[in-house]
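These notes are about the structure you will find just below.
The values are calculated or read from the model by the stated rules, or taken from the named source; none is laboratory data. Bear in mind that the values here come from a model prediction, so they are computed numbers and not experimental data. Note that each Cβ is placed from the backbone with ideal geometry, even for glycine, and that neighbours are counted across all protein chains shown.
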Amino acid sequence: MPKTRRNRLLLAAALLVAVAAALYWGLRKPAAPSLATSPVTRGNLEQTVDATGVIDAYTLVSVGAQASGQIKSLKVQLGDVVKQGDLIAEIDSTTQQNSLMNAEAALENIRAQRAVQQATLREAELAFARQKQMLADEATSRAEYESAEAKLATARAQVRALDAQTRQRETELGTARANLGYTRITAPIDGTVVAVVAEEGRTVNANQSAPTIVKLARLDLVTVNAEISEADVVKIKPGMPVYFTILGNPDHRYEATLRTVNPAPASISSDSTSNSSSSSSSSSAVYYNALFDVENPDGTLRIDMTAQVSVMLAQARDALLIPTVALGPKVPEGGPGRAEGDAPRQRGNGNAARAQGDGAQRPRRQQPDAAALATSNSYIVRVVGKDGQPEPRRIKAGLNNGSSVEVLEGLVEGDLVVVGEVTDAERASARSTMRGPMMMGGPRR
């Protein structure tokens, strides 16, 4: 065969193969996607409001000095556990002792003056009695009688004045004794020393302000202060169960009961009442403090620790659960188990199905009532049937925490619900993505 003719035949054959391949790939239908499913399982479900909180002491007291002077001795250290009445610090009491002795001397002086005046009063009473008798016997003048009466009234008034001064000196003596007692600073509560503000040798001046010596806190019971956003604060109320974890031990869950929810945000104590401050604060996030108390016998919880708080709104135990992404459209309550307008899939000749559809008028789909949908808990989900094909089914949903939903009716444990579809291209892309790092991390040769 001539070489030129053979080349033409080979070229024609190559063109025919190319055309056939083009027709094949052009008319080839894309591969049907495979279904991503999830089984219906049993478990516990919680609907919560999550927040971040800070651990505070249930009781925190700043122990200050009411007396001025130099701190002579400090009896406690940071972390010491003290009982109510235990000695914490002593202040130099020289000035207070001198004031006490002066007050005692002043009181003794007034008491002595009263004793003298009491004798004078007795003398005036006797003189008045004599003048009164002599006046009755007409043995004295009226002027002498009135003079004795005036001296008696004066003596009685002086005794009353000295009684008032005595009470004044007794008050001053009590104040001096209290000031001397203030030089011994004792614990007002049972607690732990969480801060030592002053040190030995420091001079404190209680006349200007009450200086803090130490801070005591009750740590066997702590208070968690959780910040609840304004979007969630309307959902919670006192008495709801609450639990939290700490960063150092996220596997341990502390449980408590919500004690109170503050009616105003914490920023209200620092915000100005001016219009400018109000307008600027309205653009920022608003949080309300929710408080609850937790027993802390071993002292694990410490002041200013961060707590991941969850307020329990509702919970379901041993419930049927499916992923939230499996939920389809919401439908009104009641009715058949299939969605309106959804018919079972036709198998066989598609022309026969179309011919049957052309011969009968299709029923008009009615739009569901918006109010009925708002109050409905029914949804349509796609469930894998015995033949492996998905079919719509109506279910009644319960709690929904955003990731899982409780199924009250319509499904049984072990059913497979459709959560998505995965195509061959997506699977190939995923395999190539995983293969790349594996190949890059392999040994070099």
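Filtered by the rule that a residue be among the basic types (K, R) and in contact (Cβ under 8 Å) with a residue 60 or more places away in the chain, the range 58-93 gives K72, K83.
Only residues that are of a type in the set (G, A, S) and part of a helix (DSSP H, G or I) were counted in the range 158-215, giving 6.
For every residue, the table says whether it meets (1) hydrophobic (A, V, I, L, M, F, W, C); (2) not assigned by TED's automatic domain parsing to the domain that holds V309.
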position: V193; (1), (2): yes, yes
position: S209; (1), (2): no, yes
position: K215; (1), (2): no, yes
position: A226; (1), (2): yes, no
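Pairs linking a residue in the range 101-120 that is more than 13 Å from A157 (Cα to Cα) and assigned by TED's automatic domain parsing to the domain that holds Q168 to a residue that is small (G, A, S) and part of a helix (DSSP H, G or I), with Cβ atoms under 9 Å and 6 or more positions apart or on different chains, are M101/A176; N102/A176; A103/G174; A103/A176; E104/A176.
Inclusion of Y287 among residues that are surrounded by 12 or more Cβ atoms within 10 Å (Cβ to Cβ), at pLDDT 90 or above and either touching an Asp or Glu at 6+ places or on another chain (Cβ under 7 Å) or small (G, A, S) (or both) is warranted.
Taken over the range 120-141, the criterion of being over 13 Å from K151 (Cα atoms), outside any loop (DSSP other than H, G, I, E, B) and among the small types (G, A, S) is satisfied by A136 alone.
Exactly one residue out of V233, V204 is out of contact with any Ser or Thr (no Cβ under 7 Å at 6 or more places or on another chain), crowded, with 16+ Cβ neighbours inside 10 Å and in contact (Cβ under 8 Å) with a residue 12 or more places away in the chain, and it is V233.
The residues of the range 393-403 that are buried (at least 19 other Cβ atoms within 10 Å of the Cβ) and not basic (K, R), listed by number, are I395, A397. Of the residues making up the range 313-334, those that are surrounded by 18 or more Cβ atoms within 10 Å (Cβ to Cβ) and among the β-branched types (V, I, T) are I322, V331. Could you please let me know if L216 is in contact with a strand residue (DSSP E or B) (Cβ under 9 Å, 6 or more places away or on another chain), touching a residue at least 12 places away in the same chain (Cβ under 8 Å) and of a type in the set (A, V, I, L, M)? Against the criterion (in contact with a strand residue (DSSP E or B) (Cβ under 9 Å, 6 or more places away or on another chain), touching a residue at least 12 places away in the same chain (Cβ under 8 Å) and of a type in the set (A, V, I, L, M)), L216 qualifies.
Residues that are touching a strand residue (DSSP E or B) at 6+ places or on another chain (Cβ under 8 Å), hydroxyl-bearing (S, T, Y), surrounded by 13 or more Cβ atoms within 10 Å (Cβ to Cβ) and assigned to a helix (DSSP H, G or I) do not occur anywhere in the range 66-79.
Just wondering, is there one or more residues in the range 91-114 that are over 30 Å from I213 (Cα atoms) and of a type in the set (S, T, N, Q)? Scanning the range 91-114 turns up at least one residue that is over 30 Å from I213 (Cα atoms) and of a type in the set (S, T, N, Q).
None of E391, E406, E413 is of a type outside the set (A, V, I, L, M, F, W, C), assigned to a loop (DSSP other than H, G, I, E, B) and modelled with pLDDT of 80 or more except E413.
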